[in-house]
Amino acid sequence: MFVAAKDMHYTTSDGREVMDGTAGLWCVNAGHTRPRITEAIQKQVAELDYAPAFQMGHPLAFELANRLVDIAPDAMQHVFFTNSGSESVDTALKIALAYQRVIGQGARTRLIGRERAYHGVNFGGISVGGIVGNRKLYGTLLAGVDHMPHTHLPARNAFTRGVPEHGAELADELERIVALHDASTIAAVIVEPVAGSTGVLIPPRNYLKKLREITKKHGILLIFDEVITGYGRLGTPFGADYFDVVPDIMVTAKGLTNGVIPMGAVFTSAEIHDAFMTGPEHLIELPHGYTYSGNPIAAAAGLATLETYREEGLLTRGAELGPYWQEALHSLRDAPHVIDIRNIGLVGAIELEPIAGEPTKRAFSAFLSAFEKGLLIRTTGDIIALSPPLIIEKAQIDQIVDIVRAALNEAD
Ligand SMILES: Cc1ncc(COP(=O)(O)O)c(C=O)c1O
């Protein structure tokens, strides 16, 4: 149980300090209880607590949308506010389907996801997602969804520092799917630039560029789910910047408000936005939105978060610290059970040899042991995923590595 938090650390109910090796759930990018964000929320709740986003508005939502467009890739010109990553994903999928229809491509109803993808827990997200455990209990999900293969190729890419060399040809699987269904039936492809939740799967060099070329060629929208990769995690403002590939729609949440208040933002190109703005004035352009879309307190938290990122250079700090982080993580190569180490920006993964017949047990035992030693890590399957707040100092990186080594020495 955590009862308090400050900067890089939590305090547990029994009074111990635990370093946050995971930025909460990949969201507390500026560290915990940052005064600027706290004060902005306190001020806003006393001034304008709520305003409807249907027909009405309030200035902070527009100010935040403008600030977001300023830091996003040039082509991302408009923002739709939601309250979570899952809502952002479903919003993006709905915008993609509706866009194809309003431009006269109504037969494009298929959505293409990827194996080992995580796109949240709503019906759209689990349909295009690729985690069997999150899908199997919930019936047939959305119709007309297909999946590309994942890009995790340990036999060829294990222990790569940064972006792996092998596997760009996996993007051609999209051509195979197009050949099967015909491009005229496909609305959009959705991928995480780096798949986070299933263990930090970094795309092979040129893979995303190829996906962009293929989608463009066939009139298919490309959606980047940047819920984890957005807001500085890779050492650039967005994953799109890191890989120099601009999607048509970009899905974000988490770091948008530093995890403090639920909020998501879906970015679209001007072309997509404008396609809906044909009037007449009294009709709804896109029948979609949430009671809390653009909530004033969330908008205030978002603005204060972006200001904190700007003041402290956090959206690019991962690039400065990246080389140190990389060498520190890869020093664990000789630790017990380690079969792969991956890193990009301020994200890392240490993959462990599973205990025969008892998958996930070894990583879970490392998780418990690290926690006892004062470090919160995250495990997925037998992979340890690390994504500390972007304010981390080098000495704290050393501490993380020391504790993970000690935990692996003790793990079953
Ligand atoms: C890539 C990605 N998309 C969507 C989500 C879902 O976000 P939320 O839990 O805010 O609904 C997550 C959460 O981890 C994520 O990593």
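Brief remarks on what is shown
- The stretch 112-134 residues that are not assigned by TED's automatic domain parsing to the domain that holds residue 360, paired with ones that are within 11 Å of the ligand (Cβ to nearest atom) and among the aromatic types (Phe, Trp, Tyr) (beta carbon under 7 Å, 6 or more apart): 129/118; 131/118
- Failed item in (1) in contact (Cβ under 8 Å) with a residue 60 or more places away in the chain; (2) more than 16 Å from the chain's Cα centre (by Cα), with residue 142 passing the rest: (1)
- Among the residues making up the stretch 224-255, a single one is out of contact with any Phe, Trp or Tyr (no Cβ under 9 Å at 6 or more places or on another chain) and within 11 Å of the ligand (Cβ to nearest atom): 253.
- Boolean, residue 310 is without any contact (Cβ under 8 Å) to a residue 24 or more places away in the chain and among the basic types (Lys, Arg): yes
- Exactly one residue out of 37, 95 is in a helix (DSSP H, G or I), under 30 Å from residue 376 (Cβ atoms) and touching a residue at least 60 places away in the same chain (Cβ under 8 Å), and it is 37.
- Among the residues of the stretch 258-285, the ones that are aliphatic (A, V, I, L, M) and surrounded by fewer than 16 Cβ atoms within 10 Å (Cβ to Cβ) come to 4 in all.
- Within the stretch 264-279, residues that are assigned by TED's automatic domain parsing to the domain that holds residue 226 have Cβ atoms under 7 Å from residues that are away from the ligand (no atom under 16 Å from the Cβ) and polar (S, T, N, Q) in these pairs: 269/77; 270/77; 273/77, counting only partners at least 6 apart in sequence or on another chain.
- Residue match in the stretch 91-99 (condition: farther than 18 Å from residue 226 by Cβ, in the same structural domain as residue 296 (by TED's automatic domain parsing) and in contact with a helix residue (DSSP H, G or I) (Cβ under 6 Å, 6 or more places away or on another chain)): yes
- Among residues of the stretch 312-356, those that are surrounded by fewer than 17 Cβ atoms within 10 Å (Cβ to Cβ), touching a helix residue (DSSP H, G or I) at 6+ places or on another chain (Cβ under 8 Å) and acidic (Asp, Glu), counted: 1
- Contacts under 8 angstrom Cβ, first residue in the stretch 79-91 being closer than 19 Å to residue 272 by Cα, partner more than 11 Å from the ligand (Cβ to nearest atom) and modelled with pLDDT under 95, 6 or more apart: 81/53
- For the stretch 105-125, filtered to residues that are away from the ligand (no atom under 14 Å from the Cβ) and in a loop (DSSP other than H, G, I, E, B), the residue that is nearest to the chain's Cα centre (by Cα) is 115.
- Answer from 46, 61, 53, 65 - the residue that is away from the ligand (no atom under 16 Å from the Cβ), part of a loop (DSSP other than H, G, I, E, B) and either over 13 Å from residue 303 (Cα atoms) or at pLDDT 95 or above (or both): 53
- Test: residue in the stretch 312-321 that is touching a strand residue (DSSP E or B) at 6+ places or on another chain (Cβ under 9 Å) and either closer than 29 Å to residue 399 by Cβ or of a type outside the set (Gly, Ala, Ser) (or both): yes
- Failed criterion for residue 80 (all others in (1) within 16 Å of the ligand (Cβ to nearest atom); (2) aromatic (Phe, Trp, Tyr); (3) assigned to a helix (DSSP H, G or I) hold): (3)
- Any hit, the stretch 286-305, residues being closer than 30 Å to residue 207 by Cβ and away from the ligand (no atom under 15 Å from the Cβ): no
- Residue match in the stretch 96-105 (condition: of a type in the set (Lys, Arg) and farther than 17 Å from residue 266 by Cβ): yes
The values are calculated or read from the model by the stated rules, or taken from the named source; none is laboratory data. All values derive from a computational prediction rather than experimental measurement. Neighbour counts run over all protein chains shown; Cβ positions are idealised from the backbone, glycine included.
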